Amino acid sequence: MEYIKIENSFPRLPRCAVTLGKFDGLHRGHRKLVENVVKWKKKGVPAVMFAFITGEKTILSRDERRSLAEELGIDIFIECPLDDRVRRMEADRFVSEILENNLHAVNVTVGKDFRFGHARMGNPELLKNMGCRIGFTTDVIPSETEGPRKISSTYVREELSCGNMEKAADLLGTPFRLDARVEHGRGLGHKELLPTLNLIPAEEKLMPPNGVYMTWTYIDGGVYPGITDVGNKPTVGGTFLAAETYLLTGGRDLYELPCRTEFLHYHRPEQKFDSLDALKKQLMADALSGKEYFGITL
């Protein structure tokens, strides 16, 4: 997959099918848009995801979103900062200059609530009308719903904020994930507590509440059940947010390797303990709960 980050000029592409949006978490609603543009690959037309980037925390980090977009069949991933230049651009100008002259779009796929351009005046109806004159088709995809409610990034964020990982996974279409490289810690886990994989979330990554989770970890070709602690390590004077994963079925030296951790279930909130012994006792109890959760023979 080709990755393009817009910094000054917009890229010039051959004919393409493009979907537009923020694509914060690539939830089930977003995936319907992606599926629609990927169909154009059968006609020899590359599938393009054009993602507007804001300064807010995102459900997927930029690297995670690029990785998942590629897995879903996207050929070209474009990141466009939602800066003043883009915010103030009139909607019809965005269509004529960007979609027509730069991307040479033959199809544009958006959700029915999609808005763009200055004062958010651009909408699917404008895309349809201009597309008829310019020469591209517009597909407006109905919202994906969960019961009476539309699936949206806001809905996913609400579930993540209260640690409902099962519901978040349902809305996303896949478990909430953290992709990171295993970092060297202070070695306290190996010496005093349980040996863990130390993971630092990307700065823009939205994380669920601090606490302990049941997780799957994909690393070095293996898949391991584990328990993951998200937090600031208050018992040992931690000062930054990190995730520490203890692999329930063991592991070897995995430093510097990339891994993916999928969050399945929120077990308990973060706590500060009076001593390392108290912390270790709780971690052993968490490990026991993890083995019960995954059905690992004790």
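What follows draws every value from the coordinates through simple rules; no lab data is involved. Values in this document were obtained by computation on a predicted structure and should not be read as measured data. As a convention, Cβ positions derive from the backbone with ideal geometry for all residues, glycine included, and neighbour counts pool all protein chains shown.
Restricting attention to the chain, close to 60% of DSSP beta bridges with both partner residues there are antiparallel. Checking the Cα-Cα distances for K32/K57; K41/K167; K39/K205; K32/K205; K43/K128; K5/K32 against a 27 Å cut-off, the pairs over it are K41/K167; K39/K205.
Working note: Karplus 6.51/-1.76/1.60 with θ = phi - 60° gives segment 78-91 the couplings 10, 9, 10, x, 7, 8, 4, 4, 7, 4, 8, 6, 4, 4 Hz, where Gly and Pro are set to x.
Between F52 and G21, K22, C80, the built amide H atoms are under 5 Å apart, and every one of these is 5 or more places off in sequence or on another chain. The ranking of H265, H27, H104 by Cβ neighbour count inside 10 Å, starting from the fewest, reads H104, H265, H27.
Each Cα pair under 8 Å and six or more residues apart adds its sequence gap; the mean of these over the residue count of segment 175-294 is a relative contact order of 34 percent. Taking each DSSP H run with n ≥ 4 as -39500 (n - 2.57) and averaging over every residue of the chain yields -7500 deg cm²/dmol at 222 nm.
Loop sites only, by DSSP: take the trypsin sites (Lys or Arg not before Pro) in the chain that have at most 16 other C-beta atoms within 10 Å and name the longest stretch containing none of them.
The answer is 116-185.
Pairwise Cα distances in segment 175-294 exceed 19 Å in 40 percent of cases.
Annotation for segment 52-106: GluC sites (Glu not before Pro) lying in DSSP loop with at most 13 further Cβ atoms inside 10 Å of their Cβ are E56. Two numbers describe the Cα atoms of the chain: Rg and Dmax, which are 22.0, 72 Å. Summarising the amide proton neighbourhood of R268: residues at separation of 5 or more, or on other chains, whose placed amide H is nearer than 5 Å comprise V212. Dimensions of segment 13-149 from C-alpha coordinates, computed as largest minus smallest value along each principal axis and given longest first, are 36, 35, 32 Å. Taking 7 Å steps out from each Cα toward its Cβ at D83 and L276 produces label points 4.9 nm apart. Annotation: the antiparallel percentage among DSSP beta bridges lying fully within segment 13-149 is about 10. The amide H of T138, built 1.01 Å from its N in the peptide plane, has V108 as neighbours under 5 Å, considering only residues 5 or more places off or on other chains.
Each 5 Å bin from zero holds the following percent of Cα-Cα pairs in segment 69-141: 4, 15, 23, 27, 20, 9, 2. Using the Karplus relation 6.51 cos²θ - 1.76 cosθ + 1.60 with θ = phi - 60°, the per-residue 3J(HN,Hα) values for segment 23-32 come to 6, 4, x, 6, 6, 4, x, 4, 5, 5 Hz, with x marking Gly and Pro.
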